[in-house]
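All remarks here apply to the structure that follows.
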């Protein structure tokens, strides 16, 4: 099996080299499209402001300006709402800088303004520089109430070929939230358990050592880790004629891909402080070509009442920093960055359904599961969402309706229920591609049922920007 895998890997490498070598030196680029991420959004009563994003299909090559016009129904600018940037009359301008792949503006509710829920604003991109071409979604309708979208289509803002973003999707709100994957390191469960998760989108790994004093840990305690505690190291080891014995342990150095919190790389945080060991963390790799190494840390986590205390430092440091993390029941996890402290990552638990991301997955090459890095995983919100795969041989996406829901089996859920199944994995002579023989039915936190299919793996040939289409099957009670 290992020899086969090596031959397969070599074939892929050669094929990629031939492909890129055969490309034109100066290929003609497709139009740089500018459009809203979605064509309808809702702003619920609890939101005082909302950021509306405008996407571009590739980087801007020169400074420019977009002009957005708006028309309100039941609301007045300055009295009920305002925009950032500020408007002049019924329009405002948004600057674009060289290198931008998106831009945005903010809608602010006026403090004290009252809304009945039927108020709307229609925004239209009315002008763009000659270097940009207006796309299909140049008009967006914002309703000052929570919506239940009837249908939608999204180009997920994964950020491109280096997949720098994790993208959370709320189908009923027709909304996506892209979060840079290098902005956080650890997530802390807000549930009744005391569990810590790694940032798997960076390929992070963790391994315990038999010490509880962070200051007593030095580089000597990590001897050999550099050749083991990383996804590239595992990948290299399985391709040896005789893989080393430690390879079988590597699966325990990542969080269980299913999302089972009883199988995290970092052990449950004990109420007895002396039982909480020091862990060595390899933070993995960030987005880039080549992907930059994010470095190593030593950490220790203890309980602080109903929250957590995170101690962290560089490997050879003789002092450490502390971050206090409180649980928040509106979010499944609270997140921390070694560099910046507490950070916001995912939306509230009832405000997202699925997420697209790069991910530390597992596979079996014949001698047990091993961790490996996978670019296009689709995760589901295990706190409140259920999914089922439907093969078109059973019923096509177009024909599937509300009456077909009753026959579906929503048992055996996990965060990778969709996982990697939506696309083929590629291989010798075959690039990855969307599987067109299946789609998914998703039940959200409010009891809404949607059907969803993936319509493209790339946008203008670029990875990291897949496309989805979805339609409401049944509205929740």
Rg/Rh for the range 33-147, where both radii come from Cα atoms and Rh is the Kirkwood radius: 0.98
With Cα atoms, 0 to 90° folded angle of helix 2-22 axis to the chain main axis: 40 degrees
Gap separating the Cα centres of the range 55-87 and the range 135-203, nearest whole Å: 22 Å
Calculated FRET value between residue 477 and residue 208, using beta carbons and R₀ = 30 Å, to 0.05: 0.05
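In deg cm²/dmol and to the nearest 500, what is the mean residue ellipticity at 222 nm of the chain if only DSSP H runs of at least 4 residues count, each as -39500 (n - 2.57), divided by the residue total?
On the way: 2 runs with 29 residues, N = 477.
Taken over the chain, the calculation gives -2000 deg cm²/dmol.
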P(r), alpha carbons of the chain - 10 Å bins starting at zero, rounded %: 4, 17, 26, 26, 19, 7, 1, 0
Pairwise label distance in nanometres, residue 86 with residue 326, each label 7 Å out on the Cα-Cβ vector: 3.5 nm
Modelled label reach - residue 274, point 7 Å along Cα→Cβ, the range 186-223 residues with backbone N closer than 17 Å: 210-214
Potential lengthening between residue 59 and residue 404 on full extension [0.36 nm per residue; Cα-Cα distance subtracted]: 119.9 nm
Contact order normalised by residue count of the range 185-340, Cα under 8 Å, 6+ apart, percent: 31 percent
Gain in span if fully extended, residue 455 to residue 126, counting 0.36 nm per residue against the direct Cα distance: 115.6 nm
For the range 361-450: relative contact order, % (alpha-carbon pairs under 8 angstrom, 6 or more apart): 34 percent
Distance (nanometres) between label positions extended 7 Å along Cα→Cβ at residue 383 and residue 314: 3.6 nm
Rough spin-label spacing in nm, given labels placed 7 Å along Cα→Cβ, for residue 291 and residue 364: 2.5 nm
The range 350-474 shape via C-alpha gyration tensor axes, a/c threshold 1.5: prolate
Calculated FRET value between residue 413 and residue 223, using beta carbons and R₀ = 41 Å, to 0.05: 0.50
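None of the figures in this text is laboratory data; all of them are computed from the coordinates on show. These numbers were taken from a predicted model, which means no experiment stands behind them. Cβ sites come from the backbone with ideal geometry, for glycine too, and all protein chains shown count toward neighbours.
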